[in-house]
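Participant: Below: one structure in structure tokens.
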Amino acid sequence: MSKKAMLPAVAAHGANRLPSVDLDSYNIELKDDEGFLGDRASKGTFREIIQQWRKALRQTGSDPFGDEVGVELSRKELDELLERGKPEAAGIVHGAIEDFSQELAVVIRRYLKLKDWKDTQRIAIGGGFRASRVGELVIGRTSIILKSDKIAISLAPIHNHPDQAGLIGAAHLAPAWMFEAYDAILGVDIGGTNIRAGVVNLNLRKDPGLAKAKVWKFSLWRHGDEEGIKREHALETLSGMIDGLIEAARKKELRLAPFIGIGCPGLIEEDGSISRGAQNLPGNWESSRFNAPLRLHSAIPKIGDHETSIVMHNDAVVQGLSEIPFMQDVERWGVLTIGTGLGNARFTNRRASGD
């Protein structure tokens, strides 16, 4: 990319050194004899476990979920079965929780053996799967399994709702002092099923460490429900979503910083291109000739009176960054996001002295 094509930068895309943490690793793709290790701990795997339990029961002539073999229950439906369902149906969910927790424990053990994950003290679990009672029970059960094996690690659900954590974390992609004259920033969370854009109210007066940051308003596009979506259409739709949020902030008299933080799947290069891991996005986002931040800047060159600065990083990294205010009692910590795949990132806090 030529120098003329470079955006005004407040931080490098995909940077390993972020304002308050060092990023030790992210987007690790471990393999075993059965394929990618992360596939053993995805929401699809949990649903496969459910189907395996149902198949075993159908062989005895009884499926408490009914006769529709291929039906996939939503997170809400699984939670309701767990709480108020018939005993055998609830029993299947409990069995799936146990089996999945064992798989997740295996995956975490493997991560902890990696050099970049050595001495990890806590792991936050995020992703869409965490946004359910079933997901919370998996986190609790996995934690017990690991502790019973004398593995000194604590697991905790990510504090903010996963749909919002991926937007709130964008505020940690740039130094907080940059936002002191503003009320809010724009965050974007690009996923394999959904694209979200939101206005993040920083609430710096309540907490300069961003512990009180909240999503004030957001837009959601479920592009996964549509077929044949092209990359350019996705970018045009995202630009329209952001324009709408900018106008909403203006009407509310929120001082919006000229900054957009983006979380996106894959390995993010310094120039804003994606080298691998974006195969679930609409169209080809891994082309060396495609640069999402640059393209978005051309659509939204200014916010207010100032030129727009855009920083993009991996989506699991950005979701993990939302945990910074709650990880100040440990030094080394990580995040795993359970969704279509298993996102991962490991961080080391930098103290105020800067060492």
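Participant: Please say if the stretch 263-355 is rounded, prolate or oblate, where rounded means a/c under 1.5 for a ≥ b ≥ c the square roots of the C-alpha gyration tensor eigenvalues, and otherwise the choice is prolate for a/b larger than b/c and oblate otherwise? Before the final figure, lay out the partial values.
Facilitator: Numbers: a/c = 2.39, a/b = 1.35, b/c = 1.78.
Since a/c reaches 1.5 but b/c is at least a/b, the shape of the stretch 263-355 is classed as oblate.
Participant: Compute the acute angle (0 to 90°) between the alpha-carbon long axis of helix 43-58 and the principal axis of greatest extent of the alpha-carbon atoms of the chain; round to the nearest 10°.
Facilitator: 20
Participant: Please calculate how many Å² of accessible area the chain carries per residue, with a 1.4 Å probe and no DNA, RNA or ligand atoms counted. Write out the running numbers ahead of the final one.
Facilitator: Working: 16970 Å² over 355 residues.
Normalised by residue count, the accessible surface of the chain is 48 Å².
Participant: Okay, moving on. If each residue of separation counts as 0.36 nm, what is the full-extension length gain between GLU286 and LEU267 once their alpha-carbon separation is subtracted?
Facilitator: On the way: separation 19, 0.36 × 19 = 6.84 nm, distance 0.94 nm.
Here the answer is 5.9 nm.
Participant: Using only Cα atoms and rounding to the nearest 10 degrees, what angle (0 to 90) does helix 75-84 make with the longest principal axis of the chain?
Facilitator: Relative to the chain, helix 75-84 is tipped by roughly 40 degrees.
Participant: Find which of LEU336, ALA184, VAL317 sits farthest along the positive direction of the dipole of the chain, computed with +1 on the beta-carbon of Lys and Arg, -1 on that of Asp and Glu, about the Cα centre.
Facilitator: After comparing all options, I get ALA184.
Participant: With n ≥ 4 as the cut-off for DSSP H runs, can you work out [θ] at 222 nm for the chain, using -39500 (n - 2.57) per run divided by the number of residues, rounded to the nearest 500?
Facilitator: -10000 deg cm²/dmol
Participant: When the chain is fully extended, how far beyond the present Cα-Cα distance does ASP116 get from GLN279, taking 0.36 nm per residue of separation? If you can, show how the numbers build up before the last one.
Facilitator: Working: separation 163, 0.36 × 163 = 58.68 nm, distance 2.52 nm.
Result: 56.2 nm gained on full extension.
Participant: 7 Å from Cα along Cα→Cβ at both LYS217 and SER74: what's the point-to-point distance in nm?
Facilitator: 2.5
Participant: Calculate, in whole percent, how much of the Cα-Cα pair population of the chain lies beyond 28 Å. Don't skip to the end; give the middle numbers.
Facilitator: Working: 28087 of 62835 pairs.
Across the chain, Cα pairs with separations above 28 Å total 45 percent.
Participant: Using only the alpha-carbon atoms, what does the stretch 161-289 span along each of its principal axes? Please give whole angstrom values in decreasing order.
Facilitator: 44, 30, 26
Participant: Please name which of ALA213, ILE50, LEU112 has its Cα lying farthest along the dipole of the chain towards the positive end, using unit charges on Cβ (Lys, Arg +1; Asp, Glu -1) and the Cα centre as origin.
Facilitator: The residue sitting most towards the positive pole is ALA213.
Participant: Here's a follow-up. Tell me, what is the FRET efficiency for LYS251 and ILE229 to the nearest 0.05, using R0 = 30 angstrom and their Cβ-Cβ distance as r?
Facilitator: Values: r = 30 Å, r/R0 = 1.00.
The computed FRET efficiency comes out at 0.50.
Participant: In addition: Probe radius 1.4 Å, ligands and nucleic acids ignored: give me the carbon and sulfur share of the accessible area of the chain as a rounded percent. Walk me through the numbers on the way to the answer.
Facilitator: Values: 8120 of 16970 Å².
The value for the chain is 48 percent carbon and sulfur by accessible area.
Participant: Hey, what did the stretch 9-109 get for relative contact order, percent, Cα under 8 Å, at least 6 apart?
Facilitator: The normalised contact order for the stretch 9-109 reaches 27 percent.
Participant: If each of ALA299 and THR348 carries a label point 7 Å out from its Cα toward its Cβ, how far apart are those two points in nm?
Facilitator: So the two model labels end up 3.8 nm from each other.
Participant: Further, regarding this structure: What is the angle, in °, between the Cα long axis of helix 87-112 and the longest principal axis of the Cα atoms in the chain? Nearest 10 is fine, range 0 to 90.
Facilitator: So the inclination is approximately 60 degrees.
Participant: Can you compute the charge dipole magnitude of the chain about its Cα centre, using +1 on each Lys and Arg Cβ and -1 on each Asp and Glu Cβ, nothing else charged? Give it in debye, rounded to the nearest 20.
Facilitator: On the way: 46 positive and 48 negative charges, 146 e Å.
Magnitude of the dipole: close to 700 debye.
Participant: Which of the residue pairs LYS118/LYS214; LYS118/LYS150; LYS86/LYS214 have a Cα-Cα distance greater than 27 Å in the structure shown? Intermediate results must be reported in sequence, preceding the final value.
Facilitator: Working: LYS118/LYS214 32 Å; LYS118/LYS150 15 Å; LYS86/LYS214 38 Å.
In this structure, LYS118/LYS214; LYS86/LYS214 lie more than 27 Å apart at Cα.
Participant: Here's something else I'd like to know. Report the Cα centroid-to-centroid distance between the stretch 308-355 and the stretch 138-188 in angstrom, as an integer.
Facilitator: Taking the Cα centre of each part, the stretch 308-355 and the stretch 138-188 sit 7 Å apart.
Participant: By its C-alpha gyration tensor, with a ≥ b ≥ c as the square roots of the eigenvalues, how is the stretch 108-217 shaped: rounded for a/c under 1.5, else prolate for a/b larger than b/c, else oblate?
Facilitator: Details: a/c = 2.34, a/b = 1.79, b/c = 1.30.
Judged from the Cα gyration tensor, the stretch 108-217 comes out prolate (a/c at least 1.5, a/b above b/c).
Participant: Treating cross-link reach as a plain straight distance, find the aspartates and glutamates whose alpha-carbon is under 16 Å from the alpha-carbon of LYS252, omitting any fewer than eight places away in the same chain.
Facilitator: Output for LYS252: ASP183, ASP243.
The values are calculated or read from the model by the stated rules, or taken from the named source; none is laboratory data. In this text, all values refer to a predicted model and were calculated from it rather than measured experimentally. Reconstructed Cβ throughout: ideal geometry from the backbone, glycine too, with neighbour counts over all protein chains shown. Calculation scope for accessible area: heavy atoms of the full protein, side chains included, ligands and nucleic acids excluded. Shrake-Rupley method; radii C 1.70, N 1.55, O 1.52, S 1.80 Å.
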